[in-house]
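Okay, so here's the structure we're looking at.
The values are calculated or read from the model by the stated rules, or taken from the named source; none is laboratory data. Since this is a predicted model, take the numbers as computed values, not measurements. Ideal geometry is used to build each Cβ from the backbone, glycine not excepted, and the neighbour counts take in all protein chains shown.
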Amino acid sequence: MPESTPDPQQVVIVGGGLAGAGTAVALRDQGYSGSIVVFAAENHVPYDRPPLSKEYLKGEAVASEGEIKPQDWYAAHDVDLRLGTAVTAVEREAHQVVSTDGGRTAYDRLVLATGSSPRRVDLPGHDLGGVVSLRTIEDSDALKAAFGSGARIVIIGAGWIGLEVAAAAREAGSSVTVLESAEQPLVTVVGSTLGAFFAKLHRDHGVDLRLGVEVASIEAADGSRKVGGVTLADGTSIPADLVLVAIGATPNTDLAVTAGLDVDNGILVDAQGRSSDPDVFAVGDVANAETPSFGERVRVEHWANALDRPASVARGVLGQEGGFDKLPFFYSDQYDLGLEYSGRASATDELVIRGEIDSGEFLAFWLDGDTDVVRAGLNVNIWDVQDDIQELIASKAPVDRAKLADPDVPLKDAKA
């Protein structure tokens, strides 16, 4: 393979989401004056995805409000944004990519920001009309159009996307059924205690939430190829005008695999996004990146990761020092509930609650049971506390559990 070019004249970015566009912005912000080409498979200027299950889905925002930068920014900053053009192959020996328009584009540095795709269900009827997922503006538009009084919406999966869509559908007057195989919603993220809190939240808003169930098939409406219902393993039939499959996402690693890069639950990269090929970087959902704050590789699908990582990736592309030290972070809005979560808890961590869960305003912390070090924190309808929560996590200092649980003790004083 040719030697790495010390001073890249052209950077090619594959992916038109927040991570890809953010890398282009970061390169210009850091003074890079060389050529930048961004391949965006969608025909939209790169945009944020969280509103697709929140404000945009509820009709409270328009598409242009989610744009990372307005379209004229790219021309003004000499960024060649190629909309509606995907990359089909990476030729590492030749240092070029092949795109759907038949062209070959050379690179000195390549950044893969190919994101992730909604996980599909392998069920009879999965290909019927009206069986949808949520990833793009068009997906959100289709959901929004299906909502309304009398509409029967069935959601498979009670994760963040499924619950946010359930809330939006109920607020639009739809009948909503959520099907989840686990004992509680979000149980792998927040545990059973808080999972029960979210279950009650949605049931109180009229969602038919069915836990511990298995979906056997998706059925067609009589005489059509459009969805008409969902059948459970016990034979129960649930009518549906639309079925949303929200069972997680898988990283889009096909380009990396065929190019021979190291891949394991995403493209394996260091803290600056550098892959097993020093001229190829990865950022966003697709990157399984070294994360110093946890001392291990972490693949994060949340918005803040795609927002914050590009700055360190841009430094790596330019051969500059500077890794990544921010904590994973995400937020969610459901009905009149808003929350923020920082850190990364494990199934064995112990839960400490500050406040009363039933009040709908509380903080939650996950502690390593052996060291009493805070690994993750959640604020529900309590604001301006994330900086203190993140400081507790980043300090890796043991805490006094009684002080941590006491609302009258400042969080900064909760250390043991």
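Scanning region 219-246 for residues that are of a type in the set (Val, Ile, Thr) and either closer than 21 Å to Ser53 by Cβ or not assigned by TED's automatic domain parsing to the domain that holds Ala182 (or both) turns up Val227, Val230, Val243, Val245.
Filtering region 395-416 to residues that are in contact with a Pro (Cβ under 8 Å, 6 or more places away or on another chain) and either closer than 16 Å to Glu350 by Cβ or among the aliphatic types (A, V, I, L, M) (or both) leaves only Ala416. Just so you know, in region 246-298 the residues that are aliphatic (A, V, I, L, M) and over 18 Å from Gly20 (Cβ atoms) include one that is surrounded by the most Cβ atoms within 10 Å (Cβ to Cβ), and it is Ala246. Only residues that are in a strand (DSSP E or B) and of a type outside the set (Val, Ile, Thr) were counted across region 173-197, and they come to 3. On the basis of being within 24 Å of Tyr56 (Cα to Cα) and either outside the structural domain of Phe147 (by TED's automatic domain parsing) or modelled with pLDDT of 95 or more (or both), does Ala172 make the cut? Yes, satisfied.
In region 85-131, of all residues being under 23 Å from the mean Cα position of the chain (by Cα) and β-branched (Val, Ile, Thr), the one that is surrounded by the most Cβ atoms within 10 Å (Cβ to Cβ) corresponds to Val111.
Yes or no: region 55-63 includes at least one residue that is part of a strand (DSSP E or B) and either touching a Phe, Trp or Tyr at 6+ places or on another chain (Cβ under 7 Å) or surrounded by 14 or more Cβ atoms within 10 Å (Cβ to Cβ) (or both). Write out each step before concluding.
Within region 55-63, the subset part of a strand (DSSP E or B) is none.
No - not one qualifying residue is present in region 55-63.
Which ones in region 198-220 are part of a strand (DSSP E or B) and over 25 Å from the mean Cα position of the chain (by Cα)?
From region 198-220, those part of a strand (DSSP E or B) are 208-211, 215-220; that's our starting set.
Asp208, Ala216, Ser217, Ile218, Glu219, Ala220, listed by residue number.
Among the conditions (1) out of contact with any Lys or Arg (no Cβ under 9 Å at 6 or more places or on another chain); (2) within 30 Å of Pro51 (Cα to Cα), Gly369 misses just one, which is (2). May I ask you to list the residues in region 108-137 that are in a loop (DSSP other than H, G, I, E, B) and either touching a helix residue (DSSP H, G or I) at 6+ places or on another chain (Cβ under 7 Å) or of a type in the set (Gly, Ala, Ser) (or both)? Selection gives Ala113, Thr114, Gly115, Gly125, Gly130, Ser133, Leu134. Considering region 148-185, the residues that are farther than 19 Å from Pro51 by Cα and out of contact with any Gly (no Cβ under 9 Å at 6 or more places or on another chain) include one that is surrounded by the most Cβ atoms within 10 Å (Cβ to Cβ), namely Ile153.
Name the single residue that is farthest from the chain's Cα centre (by Cα) among those in region 64-78 being surrounded by 18 or more Cβ atoms within 10 Å (Cβ to Cβ) and part of a loop (DSSP other than H, G, I, E, B).
Filtering region 64-78 down to residues surrounded by 18 or more Cβ atoms within 10 Å (Cβ to Cβ) leaves 66, 68-69, 74.
When the remaining residues are screened for being part of a loop (DSSP other than H, G, I, E, B), the result is 68-69.
Values: Ile68: 16, Lys69: 20 Å.
Among residues in region 64-78 that are surrounded by 18 or more Cβ atoms within 10 Å (Cβ to Cβ) and part of a loop (DSSP other than H, G, I, E, B), the one farthest from the chain's Cα centre (by Cα) is Lys69.
Suppose we keep only residues that are over 19 Å from Leu163 (Cβ atoms) and out of contact with any strand residue (DSSP E or B) (no Cβ under 8 Å at 6 or more places or on another chain) within region 333-357. Which one would you say is modelled with the highest pLDDT? Among residues in region 333-357 that are over 19 Å from Leu163 (Cβ atoms) and out of contact with any strand residue (DSSP E or B) (no Cβ under 8 Å at 6 or more places or on another chain), the one modelled with the highest pLDDT is Thr348.
Could you tell me which residue of region 300-309 is surrounded by the fewest Cβ atoms within 10 Å (Cβ to Cβ), considering only residues that are part of a loop (DSSP other than H, G, I, E, B) and of a type outside the set (D, E, K, R)? Step through it out loud before you land on a result.
Here is the first cut: in region 300-309, the residues part of a loop (DSSP other than H, G, I, E, B) are 300-302.
Next cut, of a type outside the set (D, E, K, R) only: 300, 302.
On the way: Val300: 22, His302: 15.
It comes out as His302.
No other residue among Phe330, Phe362 is at pLDDT below 95, within 30 Å of Leu52 (Cβ to Cβ) and outside the structural domain of Ala169 (by TED's automatic domain parsing) apart from Phe330. Checked against (1) surrounded by 20 or more Cβ atoms within 10 Å (Cβ to Cβ); (2) out of contact with any Ser or Thr (no Cβ under 9 Å at 6 or more places or on another chain); (3) at positive phi, Gly15 meets all criteria but (2).
Taking the criterion of being assigned by TED's automatic domain parsing to the domain that holds Gly15 and free of Cβ contacts under 8 Å to residues at least 40 places away in the same chain, the residues of region 101-126 that qualify are Asp101, Gly102, Gly103, Arg104.
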